[in-house]
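This report refers to the structure that appears directly beneath it.
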Amino acid sequence: MAIKAAFFDIDGTLVSFKTHQIPASTISAIEQVKEQGVKIFISTGRPVALINNIGSIRHLIDGYITFNGARTFIDEEDITLMPIPKKEVMAMIEDATLRDYAVLLCGRDRVALHNHKPIFDEIFVQGLGVNNVDTQQSITPLLDQPILQLTPFFKKEDEAKIILSMPHCVSARWHPEFTDITIKGADKGNALKQLTKHLNINLNECVAFGDGGNDRTILQTAGIGIAMGNANEDIKATADYITTSVDEDGIRNAFIHLGIINK
């Protein structure tokens, strides 16, 4: 079955952790598949407000899965919008204050950081190139809008201490030092199902690329799930095909393997 839509995680898939850029080979490959009529979608854990590193291909993108699936949209039309219950948002804020860790609150269009810690700068600013968050801004105005994702900066063993107070939520960890928490059902795989239904295309006509734990469901749901060479080993085990790393022309090589573009 011909591929009609391609879905790309950002960090570690489209964008190199080393350069914070999209490799030229990836840009060229996406341009080629776009010319063949394949629709191009982003599939990321990033909130919309933090998607600041895909400018070189933004004009090619047909739609977005964001917040790990809590918000999916085409142009300004929301296909999915799944906020966390306010009571559970407040439970995490109170826990972050009590146990003294940072948590990023992510609204539909804006973000704010509660209890700023150096680890946020180390991982998000220096590691991921997220340089557009005002760490001194109050979270209070953001609480007036739906919160789609919470990103607490703590290790996996610390999750159990708060997740019991958030019974409607699920954790999607793709980094040892932080996790993304969304409402249950808001994952990339479910978002893919909703988006393909909206587009009236088959899941088997989709290819998805990823490298982290939050990509597992979309790699399993798409007709073809491709893990990057730099992916976690458990993600590679769920994929239909393992390509080379983001820094070794992984996306281009996968499209060549699939016969969608030529060498």
Please arrange Arg99, Arg46 by accessible surface area, largest first, computed with a 1.4 Å probe and ligands excluded.
Arg99, Arg46
Can you tell which of Ile57, Ile42, Ile224 shows the greatest fluctuation in a Gaussian network model of the chain with Cα springs below 10 Å?
Ile57
What's the magnitude of the charge dipole for the stretch 1-131 around its Cα centre, counting Lys and Arg as +1 and Asp and Glu as -1 at the beta-carbon? Answer in Debye, nearest 20.
60 debye
Taking a cut-off of 26 Å between Cα atoms, list the lysines near Lys156, but don't count ones fewer than 8 places away on the same chain.
Lys18, Lys86, Lys87, Lys117, Lys184, Lys188, Lys236
At 0.36 nm per residue, minus the direct Cα-Cα distance, what do Leu203 and Ile119 gain on full extension? Give it in nm, one decimal, please.
26.4 nm
Would you mind getting the accessible area per residue of the chain, heavy atoms of the protein chains only, 1.4 Å probe, in Å²?
43 Å²
Label the stretch 55-204 by shape, choosing from rounded, prolate and oblate, from the square roots a ≥ b ≥ c of the eigenvalues of the Cα gyration tensor; if a/c is under 1.5 it is rounded, and otherwise prolate applies when a/b is larger than b/c, oblate when it is not.
prolate
Loop-only check: which GluC sites (Glu not before Pro) in the stretch 25-86 are DSSP coil with at most 16 other Cβ within 10 angstrom?
Glu76
Heavy-atom accessible area ranking, 1.4 Å probe, most first, across Ser16, Ser56
Ser56, Ser16
Per-residue ellipticity at 222 nm attributable to helices in the chain (runs of n ≥ 4 DSSP H, -39500 (n - 2.57) apiece, nearest 500 deg cm²/dmol) works out to -6500 deg cm²/dmol
Here the gain from full extension of Ser138 to Asp158, 0.36 nm per residue of separation minus their alpha-carbon distance, amounts to 4.7 nm
About its Cα centre, what dipole magnitude does the chain give when the only charges are +1 on Lys and Arg Cβ and -1 on Asp and Glu Cβ, stated in debye to the nearest 20?
400 debye
Above 19 angstrom, tally the Cα pairs of the stretch 1-73 and express them as a % of all pairs, no decimals.
31 percent
Between Gln145 and Leu258, what is the label-point separation in nm under the 7 Å Cα-to-beta-carbon projection?
3.3 nm
Please compute, over every Cα-Cα pair in the chain, the percentage with a separation greater than 30 angstrom.
24 percent
So for the stretch 1-134, using the alpha carbon gyration tensor with a ≥ b ≥ c as root eigenvalues (a/c under 1.5 gives rounded; past that, a/b versus b/c decides prolate or oblate), I'd call it oblate
Among Val133, Gln145, Gln220, the residue whose Cα sits farthest towards the positive end of the charge dipole of the stretch 122-225, when +1 is placed on the Cβ of each Lys and Arg and -1 on the Cβ of each Asp and Glu, is Gln220
Starting from the Cα of Lys4, draw a straight line to each of the lysines and keep only those under 16 Å, dropping any in the same chain fewer than 8 residues away.
Lys34, Lys39, Lys193, Lys197
Consider just the alpha-carbon atoms of the stretch 156-215 and return their Rg together with their Dmax, both in angstrom.
14.3, 42
Heavy-atom accessible area of His20 with all protein chains present, probe 1.4 Å, nearest 10 Å²?
60 Å²
Beta bridge orientation in the chain: antiparallel %, DSSP, nearest 5:
55 percent
Can you compute the charge dipole magnitude of the stretch 47-86 about its Cα centre, using +1 on each Lys and Arg Cβ and -1 on each Asp and Glu Cβ, nothing else charged? Give it in debye, rounded to the nearest 20.
240 debye
Descending accessible area (1.4 Å probe), largest on the left, turns Thr221, Thr66 into Thr221, Thr66
What spacing in nm lies between the two simple spin-label points modelled at Glu94 and Gln32, each 7 Å away from Cα in the Cβ direction?
5.6 nm
Could you tell me what percent of the accessible area of the stretch 1-68 is made up of carbon and sulfur, with a 1.4 Å probe and every protein chain present?
52 percent
Residue farthest toward the positive end of the dipole of the chain, with Cβ of Lys/Arg at +1 and Asp/Glu at -1: which of Ile256, Cys106, Val48?
Ile256
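The values are calculated or read from the model by the stated rules, or taken from the named source; none is laboratory data. All values derive from a computational prediction rather than experimental measurement. Glycine also receives a Cβ, built like all others from the backbone with ideal geometry; neighbour counts cover every protein chain displayed. Remember, those area values only see protein heavy atoms, side chains included, never the ligands or the DNA or RNA. Shrake-Rupley method; radii C 1.70, N 1.55, O 1.52, S 1.80 Å.
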